[in-house]
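A.B. asks: One structure, pasted below without further comment.
Only the coordinates and a few stated rules stand behind these numbers; no lab work does. This structure is a prediction, so every number in the text was calculated from the model and none was measured. As a convention, Cβ positions derive from the backbone with ideal geometry for all residues, glycine included, and neighbour counts pool all protein chains shown.
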Amino acid sequence: MPWVLRKKPGVVSNWDSVPKGLYVRHWQEPGRGLADLGRFDVKSVVRNIYTLFSKSELPVAEDGKEVMDLYDPSIPLPPWFTEDDLQMYSSLYEKSGFVFPMQVPYLCSKRDPGRLVDFRDRTIQAPCLLIIGTKDYYLKFPGVEHYINSEKIKSDVPNLEIKFFPEGSHFVQEQFPEEVNKLLLGFLKQHL
């Protein structure tokens with residue numbers, strides 16, 4: 001969640017350093033994300049999201065473009081995301097829509113930043129597990145990869161265990177479901 005990370009020293013200290021066309025910045029503008037997604041049918045939106053957000057680069061739109069304009073129809077779905085998955089996810093979003101997925105991570109932080117927890121002077125002492133793919137575009141947010149790899153994160157979360165998946169993307173739990181479940185169950189057994 002970049003709006004929290006920018007409060008951490010050494011990570012995103014200046015939100016203005018984040019590219020203006022980054023999906024987070026676009027979708028924090030009320031109505032912009034839903035308008036962007038609303039140009040397409042639900043199945044196309046889900047296909048676009050999984051194709052765009054499985055890459056290792058930050059999804060950044062050029063000036064005058066929207067995030068969904070980054071989609072290239074010649075790029076196939078990731079091999080671990082099947083047409084059956086696409087159909088199932090699409091049918092679920094047909095029922096629920098995209099309002100909630102846009103509201104929680106993007107619009108709530110912009111609308112009421114005072115309600116966010118300020119983590120600057122907090123240390124999380126509880127045991128934690130971070131499972132992340134080394135090809136997750138999120139690591140490209142300014143300072144994030146260094147923060148995690150330099151182990152500076154351990155000063156904020158001293159009981160953190162980090163598991164990297166060398167070929168993992170932003171959807172590592174979908175790429176490697178058995179391995180992720182095994183890690184989660186092992187972590188829970190160890191700490192419950």
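A.B. asks: Per-residue counts of other Cβ atoms within 10 Å, averaged by peptide: what ranking do you get for 84-96, 40-52, 146-158, highest first?
C.D. replies: Descending mean neighbour count gives 40-52, 146-158, 84-96.
A.B. asks: A further question on this structure: So what's the net charge close to ARG39: Lys and Arg +1, Asp and Glu -1, counting the other residues with Cβ under 13 Å from its Cβ?
C.D. replies: Computed value for this residue: -2.
A.B. asks: Of LEU22, LEU185, how do they rank once you tally other Cβ atoms within 10 Å and put the fewest first?
C.D. replies: LEU185, LEU22
A.B. asks: If I take all pairs of Cα atoms in region 136-192, what percentage of them are more than 19 Å from each other?
C.D. replies: Summing the P(r) tail past 19 Å for region 136-192 gives 41 percent.
A.B. asks: Pairs LYS55/LYS154; LYS43/LYS189; LYS55/LYS189; LYS65/LYS140: which exceed 30 Å Cα-Cα?
C.D. replies: The pairs that break the limit, which is 30 Å between Cα atoms, are LYS43/LYS189; LYS55/LYS189.
A.B. asks: Could you order peptides 59-67, 71-79, 128-136 by the average number of other Cβ atoms within 10 Å of their residues, highest first?
C.D. replies: Packing proxy ranking, top to bottom: 128-136, 59-67, 71-79.
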